[in-house]
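No value in this document is a laboratory result; all are computed from the given coordinates. These figures come from a predicted structure and were not determined experimentally. A quick note on method: Cβ atoms are made from the backbone with ideal geometry, for glycine too, and the neighbour counts reach across all protein chains shown.
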Amino acid sequence: MTTTVRDALEGASRQLQQHSESASTDTQLLLGEALRRPRAWILAHSEYELSSAETAEFEVSVTQVLDGVALPYVLGWWEFYGRRFYLEPQVLIPRPETELIVDQALRRSEPTSRVLDLGTGSGCIAVTLSLELPQSIVYASDLSWKALQVARRNIETHGVEQRVTLINSNLVEAYSGPFDLICANLPYIASDHLQDLEVAEREPKMALDGGSLGTELIVRTLKRLPKILAGGGRALFEIDPGQAVGLVDQARMSIPPATTRIEKDLAGRDRLLVIEYV
């Protein structure tokens, strides 16, 4: 019995409804990956008949999602700032709120900025800034070698290997600066809270665990900022909304001459700590 695109979509969508609020879209993405076709093609070719190999690949991917594997890891990619980035389970899945870092970075950066991306993970921030600021020199660091391998693949895919340098480093310890722009999406979830979060079961704990208060790595970096942030430079830290007040106070103690503020994400939550050094 042959399986058409319509049959495949309808059957899998029913299966995924209890696992996802976007079951229809998820199913279309999974089928598109199995058929090596864009989502628009899938929607326009409902009568296309899948080969046995295509059907088998699609069924395997649906089963993975049903088993609890995050959709982006099953697909092997996810979008960030309008571009597709390769993913593996050893790196965080790029999220829409993290695009706020890029938005703020692009507002005032000079074309020749020296940029540092801390905790680069998949490299999505570093690659995006390199593409949006082509005259910039970007350094991307991560403590995880596996993350750096994923980032390297994305750097090469997007053709910025001549402008982005990867470094295996714990926070800013390998750097003396100065940097005009520092972007950091560091772990910021308190250790005790991880056990209550579904994300901790799917994504790497190393990229989520921010210590007992969730702010340990951010605070350590803030204390080093005066030594590595250039005059007139800016530092951007993604944070948990509940950490905003405490981190603003810490930033003002660590860098008294700097102007510090909080930017909200699209949901109206405190999401980005912005430090502008004078």
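Can you give the FRET efficiency for GLU132 and SER191, using 1/(1 + (r/R0)^6), R0 = 45 Å, r = Cβ-Cβ distance, to the nearest 0.05?
The pair GLU132/SER191 has a calculated efficiency of 0.85.
If I model a spin label at SER20 and ASP67 as a point 7 Å from the Cα along the Cα→Cβ vector, what separation in nanometres do I get?
With each label placed 7 Å out from Cα toward Cβ, I get 1.6 nm.
Step by step: find N for region 168-221, compute 2.2 N^0.38 Å, then divide the Cα radius of gyration by it. What's the final number? Intermediate values should be presented prior to the final figure.
On the way: Rg = 12.9 Å, N = 54, 2.2 N^0.38 = 10.0 Å.
Ratio of Cα Rg to 2.2 N^0.38 Å: 1.29.
Only helical DSSP H runs with n ≥ 4 go in: add -39500 (n - 2.57) per run for the chain, normalise by residue count and round the 222 nm mean residue ellipticity to 500 deg cm²/dmol.
Result for the chain, helices only: -12000 deg cm²/dmol.
What value does region 60-147 have for Rg/Rh, both radii from Cα atoms and Rh as Kirkwood defines it? The partial results should precede the final answer.
Values: Rg = 14.6 Å, Rh = 14.1 Å.
Ratio value, two decimals: 1.04.
How large is log10 of I(q)/I(0) for the chain at q = 0.07 Å⁻¹ when the intensity is taken from the Debye formula with one equal scatterer per alpha-carbon?
So the normalised log intensities work out to -0.29.
With the chain treated as a Gaussian network of Cα nodes joined by springs under 10 Å, which of THR260, THR215, THR25 yields the largest mean-square fluctuation?
Comparing THR260, THR215, THR25 in the GNM, the peak value goes to THR25.
Treat region 3-75 as a sphere of radius equal to its Kirkwood radius over Cα pairs and apply Stokes-Einstein at 10 °C in a medium of 1.306 mPa s; give the translational diffusion coefficient in µm²/s, rounded to a whole number.
Roughly 134 µm²/s, to the nearest whole number.
Can you give me the long-range amide H partners of LEU186? Hydrogens built in the peptide plane at 1.01 Å from N, cutoff under 5 Å, separation of 5 or more residues or another chain.
GLU238
Once amide H atoms are built 1.01 Å from N in the peptide plane, which residues 5 or more positions from GLY233, or in another chain, come under 5 Å H to H?
When sequence neighbours closer than 5 places are left aside, the close amide H contacts are TYR277.
THR165's amide H: which non-local residues (gap 5+, or another chain) put their own amide H closer than 5 Å, with H modeled 1.01 Å from N in plane and none for Pro or chain starts?
Amide H to amide H, under 5 Å and 5 or more residues apart or across chains, THR165 pairs with VAL138, TYR139, ALA140.
Full-extension gain between GLU156 and LEU143, please, as 0.36 nm times their residue separation minus the C-alpha to C-alpha distance.
2.7 nm
Say each of ASN170 and ASP103 gets a label point 7 Å from the Cα, pointing the same way as Cα to Cβ; how far apart are those two points in nm?
3.5
Can you list which of the GluC sites (Glu not before Pro) found in region 11-109 are DSSP loop residues with at most 10 other C-beta atoms within 10 Å?
Sites meeting the loop and neighbour criteria: GLU21, GLU47.
Mind listing the phi-derived Karplus ³J(HN,Hα) values for region 77-86, rounded to whole Hz, using 6.51, -1.76 and 1.60 with θ = phi - 60°, and x for any glycine or proline?
Calculated HN-Hα couplings, in order: 6, 7, 8, 8, 6, x, 10, 8, 10, 5 Hz.
Under 18 Å from the Cα of LYS205, which aspartates and glutamates turn up, not counting those fewer than eight places away in the same chain?
Counting by Cα, and skipping residues close in sequence, LYS205 has these aspartates and glutamates nearby: GLU88, ASP142, ASP192, ASP196, GLU216, GLU238, ASP240.
Rounded to whole Hz and in sequence order, give me ³J(HN,Hα) for region 193-204 from the Karplus expression 6.51 cos²θ - 1.76 cosθ + 1.60, θ = phi - 60°, writing x for Gly and Pro.
So the J values, rounded to whole Hz, are 8, 4, 5, 8, 10, 5, 4, 6, 7, 10, 10, x.
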